[in-house]
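The values are calculated or read from the model by the stated rules, or taken from the named source; none is laboratory data. On a predicted model such as this, the values are computed, not experimentally measured, just so you know. For neighbour counting, all protein chains shown are included, and Cβ atoms are generated from backbone atoms with ideal geometry for every residue, glycine included.
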């Protein structure tokens, strides 16, 4: 910063304004008017119509300024992005992987994606949704992803606003096609399994592919139906998965135990993307991190989802109850005795159950909110060390805790099944042991495991 210019006259349209700007090194921009100035002059921005409304504090006159339309983003954005790439170790060697736009249709790959229909299905077609003039203009842009078609199949297109850099994202309502499509059975990975693979890692990088589904080529004969992603990503990173790469749909996480390892791992992953002509969105990527958010926050509950719980209203209707329990269930690993606590609410979701929001439901709801918003940080398991399992059983459910060297790895719980309500105490305690061994089998099988109980009779169960 060099100096401040006092009482500089600024002309906008026919009006004069006076500002005290700070002189900065040349940024390619004439002047930046900040939030304080905009607040003083009641500035309103209409992004869609590209109109700025402001009121002169001197004359009281309200002005409407129409901004020119730009086909491309201002050069300063690209320059900043390029500068950042150049400064990041390893990443700077792969600028082509972080292309601003996808270069047309994806290349032919070994993995070919097909849309298999239920036998005997006739073509389905829905009438198109009405679009605003600017949406029709956007639809006509030639980016190489869509083409004119006279197919008897038809699904309506629509646009949604992009969250990160503005603009519009093309979406297609494929519900009519989905209804007659044989479902793809390729499984998504279990979040907990992905989480456990990070044990011992200290350096992370996260790569998010640009417009992921636009980088998959559909089988030629199935293109008319469109008038599949996990399998391809696993094929691309077949040799790196479970070693230093985790993939979930179009997100890639690279994890390493040291900076030296990470340098090599990151280079391998970026080389794979270059080899297969896959492109990442630089603004959504992060490199050389000590902690990373990927599907869930490393070792703790995701703040963005917890915020939904904290600010949510009471689920006094069935659909809200199910929605809250679904979100809360995402974190049952973090919450001790989750099933016992949630029982008054889950009983309302049972078939033919009368929905009555009782004081017990309200108490359970408030307790879960408190537990979720203060969920503890869990340790990551080390399969080379012994595990300790603690459990408890009562008339309301079974609860278990998996620990290692005094640190909690995970919680698990469930409500009693109908026949278990008649079990004597020692059988309930044994049911809790069985539940723990089943749910954490992937940790305990082949490892040393200590089971702790406060029910003495279980010590002699095998004698």
Qualifying residue in the range 214-233 (condition: modelled with pLDDT of 65 or more and over 22 Å from residue 90 (Cα atoms)): yes
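Just one of 446, 397 is surrounded by 19 or more Cβ atoms within 10 Å (Cβ to Cβ) and at positive phi; which is it?
397
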What is the number of the single condition among (1) closer than 21 Å to residue 384 by Cβ; (2) surrounded by 15 or more Cβ atoms within 10 Å (Cβ to Cβ) that residue 413 does not meet? (1)
Identify, by number, the condition in (1) at pLDDT 80 or above; (2) within 30 Å of residue 198 (Cβ to Cβ) that residue 422 doesn't meet. (2)
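Would you mind stating whether residue 333 is in contact with a helix residue (DSSP H, G or I) (Cβ under 9 Å, 6 or more places away or on another chain), modelled with pLDDT under 80 and within 26 Å of residue 439 (Cα to Cα)?
On the way: in contact with a helix residue (DSSP H, G or I) (Cβ under 9 Å, 6 or more places away or on another chain): yes; modelled with pLDDT under 80: yes; within 26 Å of residue 439 (Cα to Cα): yes.
It is true that residue 333 is in contact with a helix residue (DSSP H, G or I) (Cβ under 9 Å, 6 or more places away or on another chain), modelled with pLDDT under 80 and within 26 Å of residue 439 (Cα to Cα).
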Of all residues in the range 50-78 being exposed (fewer than 12 other Cβ atoms within 10 Å of the Cβ) and closer than 30 Å to residue 98 by Cα, which is modelled with the highest pLDDT? 68
What are the pairs, 6+ residues apart or on separate chains, where a residue within the range 353-371 that is more than 10 Å from residue 341 (Cα to Cα) has its Cβ under 6 Å from a residue that is surrounded by fewer than 14 Cβ atoms within 10 Å (Cβ to Cβ)? 355/318; 357/316
Tell me, please, whether a residue that is modelled with pLDDT of 80 or more and more than 26 Å from residue 197 (Cα to Cα) can be found in the range 374-388. no
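Residue 238: surrounded by 16 or more Cβ atoms within 10 Å (Cβ to Cβ), over 30 Å from residue 335 (Cβ atoms), out of contact with any helix residue (DSSP H, G or I) (no Cβ under 7 Å at 6 or more places or on another chain) and at pLDDT below 85, yes or no? Give the derivation first.
Details: surrounded by 16 or more Cβ atoms within 10 Å (Cβ to Cβ): no; over 30 Å from residue 335 (Cβ atoms): yes; out of contact with any helix residue (DSSP H, G or I) (no Cβ under 7 Å at 6 or more places or on another chain): yes; at pLDDT below 85: yes.
No.
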